[in-house]
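Undergrad: Following this message is one structure expressed as structure tokens.
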Amino acid sequence: MGNKWRVLLIVLVFALGGVMAGCKGADQSSGKADSDSKVKLSMMAILYHQQPPKDRAIKEIEKLTNTELDITWVPDAVKEDRLNAALAAGNLPQIVTIQDIKNSSVMNAFRSGMFWEIGDYIKDYPNLNKMNKLINKNVTIDGKLYGIYRERPLSRQGIVIRKDWLDNLNLKTPETLDDLYEVAKAFTENDPDKDGKDDTFGLTDRNDLIYGAFKTLGSYEGMPTDWKESNGTFTPDFMTKEYKDTMDYMKKLRDNGYMNKDFPVTSKTQQQELFSQGKAGIYIGNMVDAVNLRDNASDKSMELEIINRIKGPDGKERVWASGGHNGVFAFPKTSVKSESELKRILAFFDRISEEDVYSLMTYGIDGVHYNKGKGKTFTRKESQVKDWQMDIQPLSALIAIDKAYLKNTGDPLRTAYEELTEDNENIIVSNPAESLYSAAESERGDELKKMIDDATYKYMIGEITESQFDKEVEKWETSGGKQIIQEYEEAFKKTK
């Protein structure tokens, strides 16, 4: 049949035109296909880029996995609408990409038995059996596993700092929150760029309490990741002492002029420009942003350092963790009609986790999209970047287990990011409510979160007092927060 590359138009109702042919060559016990029988697999994937990938790499994937792939690419902007329409119509491919697993329609579909539960099957596949247990737990619904996670790093958070400014001021790399504060002060008051002007400050931040500085500083303080669980009792992070300590820390930075005072209305682009233009020397967020901060720098002699470990008041090192996933690949029973067919699909996902297929989907073709080096390393020339972006980059949407077989040695900053991201897994603090479901949170969570976010910003810029902040927390409780807490506690009990 060949590959059918189609980008769904917004006006198009999600459809694949019927269920693809079954896996007639599948072995009942292992899910492996006969060597001379190509297996046809239909799949819905999310398109995060302007165009789907070209056929070149896909044909190689088909050859290596002995499959014939029919992929429908759904633009990121309309993925939820298309998925909801497909769920309602029951017209689904064999493999469905579900990014928001707590979407109410998706939750109902899982609970109604529309999708295969795969928890008892993955032990039979060497790569699937080694999936991260925490991430697997995070994607369970009512304790059941309905799909293969789309892996993301559990924590990419850290600090990017001007190493040349530290050297100019004879300062050491900060190791504690107090050290970090003193560096921010010195970057503001002691002319770190040695131009004789009072034109620098310490920390640049933006209007994002999650991926900006606040949540990462909070984890250094010892703040729980979203929720604290103790003997089955759940407490939101903003009801903890550590949350208030974090607000006070940032308020002190702002009040003293050691960070941009207008951070609540500063965009990410503006935040990064303040750093790249040499006005600020500390950036807290995704450590990989160091690459863009350097590449966009007005001063090409800028030297950067990435830090992932900062000791809190108790001397411990922590960092908050995401769920470690961007949804799941799930398998509807309407189009995956037999256990043998399911096993063949699971075998496909196990196979694409092997180094040859994974490398093809991630790095591309050796000599064309990258150059493999000695050991487990690679480099990518500037002339190869465009082809990689067009041919390979969109394929990241098809990757389940992220093994990162090769290390990028062409860029020391990117290498540092990869190493420190891996190291973060040793100090992560996970969210105990990650795998739990609250109807109230699903329905009103965003609205209630905005209430607390607004109060947090107002406290840090001095518009409200601590007692006024506490009143906003009480308002959160009476407006639905208590129900969210109760539902999480009830859901938690069911998992025990």
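The values are calculated or read from the model by the stated rules, or taken from the named source; none is laboratory data. What you see is a predicted model; the values in this text were computed from it and never measured. Cβ sites come from the backbone with ideal geometry, for glycine too, and all protein chains shown count toward neighbours. These area figures cover heavy atoms from the full protein model, side chains too; ligands, DNA and RNA do not enter into them. Shrake-Rupley method; radii C 1.70, N 1.55, O 1.52, S 1.80 Å.
Undergrad: How much length, in nm to one decimal, is gained on full extension between residue 230 and residue 59, taken as 0.36 nm per residue of separation minus their Cα-Cα distance?
TA: 56.4 nm
Undergrad: Okay, moving on. What net charge do the residues around residue 392 carry, taking every other residue with its C-beta under 14 Å from that of residue 392, with Lys and Arg at +1 and Asp and Glu at -1?
TA: Counting the neighbours of residue 392, the net charge comes to 0.
Undergrad: Right, another one. Going 7 Å from the Cα of residue 454 in the Cα-to-Cβ direction, what parts of region 201-228 have a backbone nitrogen less than 20 Å from that spot?
TA: Within reach of a label on residue 454: 207-210.
Undergrad: Same structure again: Can you give the % of DSSP beta bridges in the chain that are antiparallel, to the nearest 5?
TA: In the chain, DSSP labels about 55 percent of beta bridges as antiparallel.
Undergrad: Something else: Would you kindly state how much longer the chain becomes between residue 317 and residue 490 on full extension, computed as 0.36 nm times their sequence separation minus their alpha carbon distance, in nm to one decimal?
TA: 59.1 nm
Undergrad: Right, next: Could you check the simple spin-label distance between residue 270 and residue 419, using points 7 Å along Cα→Cβ, in nm with one decimal?
TA: Distance between the two pseudo-spin positions: 3.7 nm.
Undergrad: Measure off 7 Å from each Cα along the Cα-to-Cβ vector at residue 170 and residue 354, then give the distance between these two points in nanometres to one decimal.
TA: So the label points at residue 170 and residue 354 sit 6.0 nm apart.
Undergrad: Let me ask something additional. Using the heavy atoms of the protein chains alone and a 1.4 angstrom probe, what is the accessible area of region 373-455 per residue in square angstrom?
TA: 51 Å²
Undergrad: Please determine, in degrees from 0 to 90 and to the nearest 10, the orientation of helix 55-65 with respect to the longest principal axis defined by the Cα atoms of the chain, where the helix direction is its Cα long axis.
TA: It is inclined by approximately 70 degrees.
Undergrad: Here's another thing I want to ask about it. Carbon and sulfur: what percent of region 141-272's accessible surface (1.4 Å probe)?
TA: Carbon and sulfur: 41 percent of the exposed surface of region 141-272.
Undergrad: Mind scanning 343/372; 123/496; 215/316; 228/475 and naming the pairs with a C-alpha gap bigger than 24 Å?
TA: Correct reply: 343/372.
Undergrad: Right, next: Report in % the part of the accessible area of region 317-363 that belongs to carbon and sulfur, leaving out ligands and nucleic acids; probe 1.4 Å.
TA: Answer for region 317-363 is 46 percent, counting heavy atoms of protein chains only.
Undergrad: Compute the signed sum of charges (Lys and Arg +1, Asp and Glu -1) over the other residues within less than 13 Å, Cβ to Cβ, of residue 471.
TA: Once positives and negatives cancel, what remains is -4.
Undergrad: To the nearest 10 degrees, how steeply does helix 482-494 sit against the main Cα axis of the chain, on a 0 to 90 scale?
TA: The angle comes out at about 50 degrees.
Undergrad: Using unit Cβ charges (K, R positive; D, E negative) and no other charged atoms, how large, in debye to the nearest 20, is the dipole of region 327-478 about its Cα centre?
TA: Result for region 327-478 is approximately 840 debye, rounded to the nearest 20.
Undergrad: In the neighborhood of residue 115, defined by Cβ-to-Cβ distances under 11 Å, what is the net charge if each Lys or Arg adds +1 and each Asp or Glu adds -1?
TA: Local charge sum for residue 115: +2.
Undergrad: Could you give the nm distance between label points at residue 144 and residue 475, where each point is 7 Å from its Cα heading toward the beta carbon?
TA: Here the answer is 4.1 nm between the modelled labels.
Undergrad: Would you mind getting the accessible area per residue of region 149-208, heavy atoms of the protein chains only, 1.4 Å probe, in Å²?
TA: 43 Å²
Undergrad: Any idea of the accessible area per residue across region 44-131, 1.4 Å probe, to the nearest Å²?
TA: Normalised by residue count, the accessible surface of region 44-131 is 41 Å².
Undergrad: What length, rounded to one decimal in nm, is gained on full extension from residue 80 through to residue 261, with 0.36 nm per residue of separation minus their alpha-carbon distance?
TA: Once the chain is fully extended between residue 80 and residue 261, it gains 61.5 nm.
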